Amino acid sequence: MNNINEFFDDGETIKETPKLHYPEYGIDKFLEEVYIDEKDYFTLVELVKNKKNIIVQGAPGVGKTFMAKRLAYSMMGIKNPERVMMVQFHQSYSYEDFVMGYRPSKEGFDLRLGTFYKFCKKAQDDDENDYFFIIDEINRGNLSKIFGELFMLIENDKRGEKNKIQLLYSDESFFIPKNVYIIGLMNTADRSLAMLDYALRRRFAFFDLKPGFDSDGFKDYQTELSDESFDKLIEVMKELNQKIRDDESLGEGFKIGHSYLCNIKSENVTEKLTYIVEYELIPLLKEYWFDEQDNIDYWSDRLRSVFND
């Protein structure tokens with residue numbers, strides 16, 4: 001049989017696009033990197049599978065953003081960034097950014113496709129695999145405006161081609177594929193943000209991500225670091241979180257997370273912890289108790305005392 005290259009005048013060899021191989025990523029790897037309990041992990045997975053839309057909410061430093069992508073990877077079984085996308089909502093984020101809209105061009109205005117629209121089209125062409133769309137700071141955007149007519153389509157029982165509707169800026173009938181999962185992330189300690197719209201709230205399941213100081217993964221990390229100052233600081237932070245939880249003006253959603261103390265290496269531990277206390281934790285307390293100087297002074301001294309004993 002003649003070689004296929006003989007049919008081409010220039011004699012160039014046709015090269016097949018190499019198939020990418022992504023590393024495996026399962027529950028064991030997830031629990032090694034993300035400091036939550038195994039029970040909470042399985043709860044998260046079930047919520048995502050059943051509801052298709054979930055909002056993970058928690059205080060500063062509980063690792064919401066870090067966790068989200070790894071949750072997606074663990075559910076896919078491989079660390080494939082091509083099937084995961086993250087955006088961040090803000091006050092200026094719009095339907096035109098999310099779905100589609102007209103944007104200025106040299107000739108006037110062109111119809112541009114939004115991030116979520118393109119992601120859904122990509123998932124439609126690969127319906128055998130799951131896709132995860134992560135929205136950081138989901139409560140910072142005007143959600144009704146951003147989602148538009150997709151407000152209805154994100155519901156888990158409104159997915160698929162049979163529920164397609166016409167889009168605002170085009171004659172196209174659009175639907176959200178069943179293999180797209182939405183993970184929203186929300187900071188519960190930001191008092192400047194309004195509550196979510198009730199109509200949108202019922203379309204999402206909500207999961208509270210809490211500080212993971214007592215998780216097996218964090219305890220392993222603590223044991224490996226083996227530093228007295230680190231151990232003392234954790235005990236003070238646990239007491240501080242108890243105080244924050246019991247404070248009527250704060251509560252569970254303001255507890256300080258474990259990620260402030262993550263990724264510390266064994267060199268110069270005390271110096272690094274001192275910077276964290278002075279320039280991250282104490283400023284946060286000043287924001288929490290802006291009108292209660294006694295609380296600020298007391299807990300600032302408690303945190304600093306870790307290095308003075």
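Remarks
- Count of the range 162-183 residues, restricted to those that are of a type in the set (Ser, Thr, Tyr), touching a strand residue (DSSP E or B) at 6+ places or on another chain (Cβ under 6 Å) and surrounded by fewer than 14 Cβ atoms within 10 Å (Cβ to Cβ), is 1.
- The C-beta contact set for the range 165-178 (first residue assigned by TED's automatic domain parsing to the domain that holds LYS49 and among the β-branched types (Val, Ile, Thr), second residue outside any loop (DSSP other than H, G, I, E, B) and at pLDDT 85 or above, distance under 8 angstrom, 6+ apart or interchain) comprises ILE165/MET152; ILE165/LEU153; ILE165/SER173; ILE165/PHE174; ILE176/CYS120; ILE176/LEU150; ILE176/LEU153; ILE176/LYS158.
- Just one of the listed residues (ALA189, ALA194) is buried (at least 18 other Cβ atoms within 10 Å of the Cβ), among the hydrophobic types (A, V, I, L, M, F, W, C), part of a loop (DSSP other than H, G, I, E, B) and modelled with pLDDT under 90, and it is ALA189.
- Positions within the range 121-142 being among the hydrophobic types (A, V, I, L, M, F, W, C) and over 14 Å from the mean Cα position of the chain (by Cα), in sequence order: ALA123
- Residues in the range 197-247 that are among the β-branched types (Val, Ile, Thr) and under 20 Å from TYR298 (Cβ atoms) were compared, and the one that is surrounded by the most Cβ atoms within 10 Å (Cβ to Cβ) is ILE244.
- Conditions (1) in a loop (DSSP other than H, G, I, E, B); (2) under 30 Å from PHE30 (Cα atoms): number failed by GLN57: (1)
- Qualifying positions in the range 60-81 - assigned to a helix (DSSP H, G or I), in contact (Cβ under 8 Å) with a residue 40 or more places away in the chain and over 12 Å from the mean Cα position of the chain (by Cα): TYR73, SER74, MET75, MET76
- Whichever residue in the range 246-258 is under 22 Å from VAL34 (Cβ atoms) and either aliphatic (A, V, I, L, M) or touching a helix residue (DSSP H, G or I) at 6+ places or on another chain (Cβ under 7 Å) (or both) and, among such residues, is modelled with the lowest pLDDT: GLU252
- Within the range 94-105, residues that are surrounded by 12 or more Cβ atoms within 10 Å (Cβ to Cβ) sit with their Cβ atoms under 9 Å from residues that are at pLDDT 90 or above and of a type in the set (Asp, Glu), at 6+ positions apart or across chains, in these pairs: TYR102/GLU96.
- Flag if LYS52 is of a type outside the set (Gly, Ala, Ser) and at positive phi: yes
- Hey, ASP127 touching a Ser or Thr at 6+ places or on another chain (Cβ under 8 Å) and either among the aliphatic types (A, V, I, L, M) or touching a residue at least 12 places away in the same chain (Cβ under 8 Å) (or both) or not: no
The rows are residues; the columns are (1) surrounded by fewer than 17 Cβ atoms within 10 Å (Cβ to Cβ); (2) among the basic types (Lys, Arg); (3) at pLDDT 90 or above.
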{"residue": "GLU12", "(1), (2), (3)": "yes, no, no"}
{"residue": "LYS15", "(1), (2), (3)": "yes, yes, no"}
{"residue": "HIS21", "(1), (2), (3)": "yes, no, no"}
{"residue": "TYR25", "(1), (2), (3)": "no, no, yes"}
{"residue": "LYS29", "(1), (2), (3)": "yes, yes, yes"}
{"residue": "ILE36", "(1), (2), (3)": "no, no, yes"}
{"residue": "VAL48", "(1), (2), (3)": "no, no, yes"}
{"residue": "ILE54", "(1), (2), (3)": "no, no, yes"}
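- Matching residues, the range 223-256, being out of contact with any Leu (no Cβ under 8 Å at 6 or more places or on another chain) and small (Gly, Ala, Ser): SER226, SER249, GLY251, GLY253
- Selection count, the range 137-161, where residues are assigned to a loop (DSSP other than H, G, I, E, B), crowded, with 17+ Cβ neighbours inside 10 Å and not charged (D, E, K, R): 3
The values are calculated or read from the model by the stated rules, or taken from the named source; none is laboratory data. All of these numbers come straight from a predicted model, not from anything done at the bench. Here the Cβ is made from the backbone with ideal geometry for all residues, glycine too, and neighbour counts use every protein chain on show.
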